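Chemist: Got a structure here, written out as structure tokens. Questions coming.
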Amino acid sequence: MKQSLENKSILLIISGGIAAYKSLELIRLIKKSGANVRCILTKGGAQFITPLSVASLSEEQVYTDLFSLKDETEMGHIRLSREADVIIAAPASANTIAKIAHGRADNLASTTLLASDKPILIAPAMNPEMWDNEATQGNIQMLEQRGITMIGPAKGDTACGETGMGRMSEPEEIFGALLSFFYERPLKGYKALVTAGPTYEPIDPVRFIGNRSSGKQGYAIASALFEAGADVTLVSGPAALPDPVGINTIRVETADEMLNACQSALPADIAICTAAVSDWAPKDNKTSKIKKRRNHTPPAISLKENPDILARLAKDSPNRPDLVIGFAAETEDILDNAREKLARKNCDLMVANEITEAENVFGADQNHVHLVTLDDSEEWPRASKKTIARKLVVRIAKHINNPKNNKENTLNVRRIEAAE
Ligand code: C5P
């Protein structure tokens, strides 16, 4: 069956930017595909294209005003959102993005977005400096954490004469993203288990042994799996990140709790262990705070080994997920070390992080990884953890949907064509 948007309702928000002219083509593509498209044109947007062009192409009234009595009685901001299957902001200016990030409601577009209970897609368009600005990047990160899908922007020449990131994606690409939003769920019906964050191993009621893991990569992978249609359980150690949208998030503290939560989440088709599980835990967790006493030598903490969750999940057993992926943070000989771990822990793929002083990935938003199998490796250049997560999920989907793969096969990157 050919994919189309037949009978879908799209609410398109067109904000200020020269890329607004491309939205006219987007409206045409959406209409041609059988969907109904209602448009909100902001004041800025109306500086670049006219309400008449938008109305002619969408064959609908164009909504511009928050306080227009006529619009509010006929179709207020709440109804505009409720009657849509999805809301897409294209172009989304830096200003509109900032408003969504901070919950502003000072025009029809921002009020509708704030009042929305619908999935939101955003196609940013702006000058490269504005895109690179920390304020915009912070806002984008906030939106992504809330489950809003970004389309682009693309790299290239912009209308202001500068070159860089900030061009709005082409209408065909935005239309394609809309199609995949409705149809492409390559992991639909699959169950995925992700571990993320550090573990805290208590010494006494106030002290613990922990580590610097932020959980960002694992959370991004959980979200990307969810976007791809998987039913995701995220078992997270203490991380300062909100529960990702649509994901069953189980919060734990210790390695033992993480192992129990993972075992309760089985069976699963895919397991991805990104957690930085503490290798050791204090042998006895004191029930009262260890006192610091004058002239006493510091207390000795004896340690016991923690369970290796990845190795337990990957152990051959009827419950073993079809695909088990580990992460290995390495400072040297990263490929050899990752491969040794892969073999020892019986997993199918290791994603190896390079930890050098210059490339400290703990807490960072970017990552630089190598995909390592028993007989192969592939380097992925530095990119946002979100991008790495999406690329990894493309690989997983290709592996899972490849009839040649079965429980005995391991993921062989050579056999799978490049994701992008
Ligand atoms: O041995 P190392 O800690 O470097 O291995 C890293 C991989 O093993 C990661 O995927 C991590 O989540 C997993 N791991 C685990 N349980 C442990 C130690 C590591 O799941 N106790």
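The values are calculated or read from the model by the stated rules, or taken from the named source; none is laboratory data. Remember, predicted model here, so these are calculated numbers, not experimental data. Reconstructed Cβ throughout: ideal geometry from the backbone, glycine too, with neighbour counts over all protein chains shown. Calculation scope for accessible area: heavy atoms of the full protein, side chains included, ligands and nucleic acids excluded. Shrake-Rupley method; radii C 1.70, N 1.55, O 1.52, S 1.80 Å.
Chemist: Just to be sure, is LEU342 touching a Pro at 6+ places or on another chain (Cβ under 8 Å), near the ligand (Cβ under 10 Å from one of its atoms) and open to solvent by less than 50 Å² (accessible area, probe 1.4 Å)?
Modeler: It is false that LEU342 is touching a Pro at 6+ places or on another chain (Cβ under 8 Å), near the ligand (Cβ under 10 Å from one of its atoms) and open to solvent by less than 50 Å² (accessible area, probe 1.4 Å).
Chemist: Also, quick follow-up: Return yes when ALA159 is more than 13 Å from the chain's Cα centre (by Cα), in the same structural domain as ILE88 (by TED's automatic domain parsing) and at pLDDT below 90 and no when it is not.
Modeler: yes
Chemist: Can you go through ASP243, ASP204 and tell me which one is open to solvent by 50 Å² or more (accessible area, probe 1.4 Å), assigned to a loop (DSSP other than H, G, I, E, B) and out of contact with any His (no Cβ under 7 Å at 6 or more places or on another chain)?
Modeler: ASP243
Chemist: For the range 305-320, give me the residue count where each residue is within 13 Å of the ligand (Cβ to nearest atom) and not small (Gly, Ala, Ser).
Modeler: Adding up the residues that qualify gives 9.
Chemist: Could I ask something else about it? Failed condition for ARG293, given (1) charged (D, E, K, R); (2) surrounded by fewer than 22 Cβ atoms within 10 Å (Cβ to Cβ); (3) in contact (Cβ under 8 Å) with a residue 40 or more places away in the chain, with all others met?
Modeler: (3)
Chemist: Provide a single number: the residues in the range 264-290 that are open to solvent by less than 90 Å² (accessible area, probe 1.4 Å) and within 16 Å of the ligand (Cβ to nearest atom).
Modeler: 14
Chemist: Only one of these is outside any loop (DSSP other than H, G, I, E, B) and open to solvent by 30 Å² or more (accessible area, probe 1.4 Å): GLU253, GLU257. Name it.
Modeler: Every option except GLU257 fails the conditions.
Chemist: Could you check the range 121-148 and list, in sequence order, the residues that are surrounded by fewer than 19 Cβ atoms within 10 Å (Cβ to Cβ) and either of a type in the set (Gly, Ala, Ser) or touching a Phe, Trp or Tyr at 6+ places or on another chain (Cβ under 7 Å) (or both)?
Modeler: Of everything in the range 121-148, those that are surrounded by fewer than 19 Cβ atoms within 10 Å (Cβ to Cβ) and either of a type in the set (Gly, Ala, Ser) or touching a Phe, Trp or Tyr at 6+ places or on another chain (Cβ under 7 Å) (or both) turn out to be ALA135, GLY138, GLY147.
Chemist: Just to be sure I understand, how many residues within the range 5-30 are farther than 14 Å from ILE174 by Cα and either surrounded by 24 or more Cβ atoms within 10 Å (Cβ to Cβ) or in contact with a helix residue (DSSP H, G or I) (Cβ under 8 Å, 6 or more places away or on another chain) (or both)?
Modeler: So the answer is 4.
Chemist: Which residue out of LYS155, LYS118 is open to solvent by 20 Å² or more (accessible area, probe 1.4 Å) and within 22 Å of VAL245 (Cα to Cα)?
Modeler: LYS118
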